[in-house]
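Since the structure comes first, as structure tokens, the remarks are kept for the end.
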Amino acid sequence: MATAREFLAHVAQTLAQIDAEGLTKHEREITSPQGGRIELGTRPAINLCANNYLGLANHPRLREAAIEAMDTRGYGMASVRFICGTQDLHHELERRIAAFLGHEASILFASCFDANGALFEPLLGPEDAIISDALNHASIIDGIRLSKAKRYRYANSDMDDLETQLQEARNDGARFILIATDGVFSMDGYLARLPEIRNLADRYGAMVMVDDCHATGFMGPKGAGTPAHFGVHIDLVTGTLGKALGGALGGYIAGPQAVIDLLRQRARPYLFSNALPPAIVGAALAVLDLVEDADDLRATLFRNTAYWRQGLEDAGFKLLPGEHPIVPVMLGDAVLAQEMARALDALGVYVAGFFYPVVPKGTARIRTQMNAALTTADLDTALDAFRTAGRQLGVIR
Ligand SMILES: *Cc1c(COP(=O)(O)O)cnc(C)c1O
């Protein structure tokens with residue numbers, strides 16, 4: 001039998017291996033609020049890697065609403081929802097999220113990671129099937145693992161493969177079939193093909209679940225997300241308060257009343273984890289007010305996105321095509337992606353390099369993300385830095 005000391009040696013060896021493969025993730029410390037411009041100690045930087053799409057993460061109205069809620073409802077709930085952790089504000093926020101997304105009801109979680117962990121297990125059993133896109137977010141994969149439903153996987157956005165899997169699930173005698181997909185695949189910025197997915201689902205009598213974390217607040221009319229963008233109804237939608245909707249914390253599932261009611265009875269991350277604190281809930285109500293009225297911010301976001309794309313293309317960088325504010329700059333080699341990120345960092349531009357195993361081998365990239373807090377001057381400065389670093393490293397001429 002191995003000892004605890006041997007266990008620690010084993011852990012240290014795993015860490016050394018991660019480091020030797022060049023896969024260690026280092027956290028850089030930000031000493032300012034999140035925004036278009038941030039501070040890293042005494043160094044200012046333009047931030048191109050936050051999920052702060054609408055630039056609301058430090059909005060004065062949200063800080064004010066958080067303080068207001070804290071003043072009237074206190075700091076913490078010290079309870080799960082069903083014991084003594086539900087305030088009027090929680091129910092109000094659940095109604096608001098449902099209305100915003102065009103669903104009957106919604107249920108709050110501590111995060112979207114929890115929402116995805118909660119969704120599948122109570123709703124589907126061994127007689128049922130879940131068909132999942134191969135590039136789905138880790139939390140969907142984990143959530144599906146927790147359910148007893150039979151699992152099927154289709155190649156990313158491959159509609160022929162999805163149909164094959166639907167046939168397979170039917171042939172295997174599945175009772176209920178649920179297709180699960182990200183609304184936006186965040187490494188590429190590609191949108192899921194929701195109209196075709198909806199169509200196939202209807203033909204095979206399946207339901208669809210969309211995780212819309214990288215879309216809610218800015219894609220589609222009023223920012224209602226990818227279903228609204230495509231004009232299709234999706235049976236179950238999960239999302240986060242941690243990206244465009246203020247960027248703090250919290251997740252939700254929206255769908256039919258009966259499904260939400262059952263999740264309230266059975267979803268383990270809901271039953272056995274603390275209620276969201278009033279400050280977050282109060283600010284989330286305020287963020288929905290802002291977002292429903294934020295056509296100007298959405299216009300700025302997409303104007304920035306078009307300007308940024310054009311600037312990078314003109315400089316000679318290779319991009320993935322698309323319309324989403326995620327703009328991946330393709331570099332191929334993992335070491336090059338890391339060097340590029342480092343060079344940009346030295347030039348005051350904060351970006352993140354992504355490489356295997358997060359993306360397939362040979363497709364390393366800098367994933368840039370636009371937001372409404374960035375000014376044209378910020379983008380010009382960042383483009384200068386990209387040109388300088390790109391020439392230094394021989395990425396562009
Ligand atoms: C960010 C993200 C999550 C996790 O959301 P949290 O609220 O931060 O837990 C889940 N799914 C997708 C697709 C995401 O992008």
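The values are calculated or read from the model by the stated rules, or taken from the named source; none is laboratory data. Predicted, not measured: the structure shown is a model, and the values here were computed from it. Cβ coordinates were reconstructed from backbone atoms using ideal geometry, including for glycine residues, and neighbour counts include every protein chain displayed. SASA here: full protein model, heavy atoms, side chains in, ligands and nucleic acids out. Shrake-Rupley method; radii C 1.70, N 1.55, O 1.52, S 1.80 Å.
Observations
- Where only DSSP H runs of four or more residues are counted, the chain gives -14000 deg cm²/dmol as its mean residue ellipticity at 222 nm, each run worth -39500 (n - 2.57).
- Taken over the chain, lysine pairs spaced eight or more positions apart, or on distinct chains, with alpha carbons under 30 Å apart number 8.
- Solvent-accessible area of the stretch 1-138 (1.4 angstrom probe, protein heavy atoms only): carbon and sulfur portion equals 58 percent.
- Paramagnetic reach from ALA155 (point 7 Å along Cα→Cβ, amide N under 18 Å) across the stretch 100-138: 132-136
- For the stretch 230-335, the carbon plus sulfur part of the accessible surface works out to 54%, probe radius 1.4 Å.
- Normalised by residue count, the stretch 23-72 yields a Cα convex hull volume of 122 Å³ per residue.
- For the stretch 77-276, the antiparallel share of DSSP beta bridges with both residues in that region comes to about 40%.
- Solvent-accessible heavy-atom area per residue, rounded to whole Å², over the stretch 225-375 at 1.4 Å: 38 Å²
- Heavy atoms of the protein chains alone define the surface here; on that basis the stretch 1-145 has 55 Å² accessible area per residue at 1.4 Å probe size.
- Cα-Cα pairs of the stretch 77-276 separated by more than 28 Å (percent): 21 percent
- When you count the other C-beta atoms within 10 angstrom of each residue and take the mean per peptide, 25-38, 192-205, 45-58 line up highest first as 45-58, 192-205, 25-38.
- Qualifying trypsin sites (Lys or Arg not before Pro) in the stretch 241-319, where qualification requires a DSSP coil assignment and no more than 13 other C-beta atoms within 10 Å, are lacking entirely.
- The stretch between VAL11 and HIS91 holds 24.4 nm of extra length on full extension. This uses 0.36 nm per residue minus the Cα-Cα distance.
- Full extension of the chain between VAL80 and ARG391 yields a length gain of 106.5 nm, computed as 0.36 nm times the residue separation minus the alpha carbon distance.
- Accessible surface, per residue, of the stretch 152-218 when the full set of protein chains is kept, probe 1.4 Å, Å²: 37 Å²
- Each peptide in 334-344, 272-282 gets a packing score, the mean of other Cβ atoms within 10 Å over its residues, and the list from highest to lowest is 272-282, 334-344.
- Under the Karplus curve 6.51 cos²θ - 1.76 cosθ + 1.60, θ = phi - 60°, whole-Hz ³J(HN,Hα) for the stretch 36-48, x wherever Gly or Pro sits: x, 10, 10, 10, 10, x, 8, 8, x, 8, 8, 9, 10
- Choice from THR181, THR42, THR300 showing the highest fluctuation, given a GNM over the chain with Cα pairs closer than 10 Å: THR42
- Mean-position separation - Cα centroids, the stretch 276-325 and the stretch 52-121, in angstrom: 21 Å
- Rounded to the nearest 20, the Cβ-based charge dipole of the chain about its Cα centre (Lys and Arg +1, Asp and Glu -1) stands at 480 debye.
- On the principal axes of its alpha carbon atoms, the chain extends 58, 57, 53 Å, with the longest extent given first.
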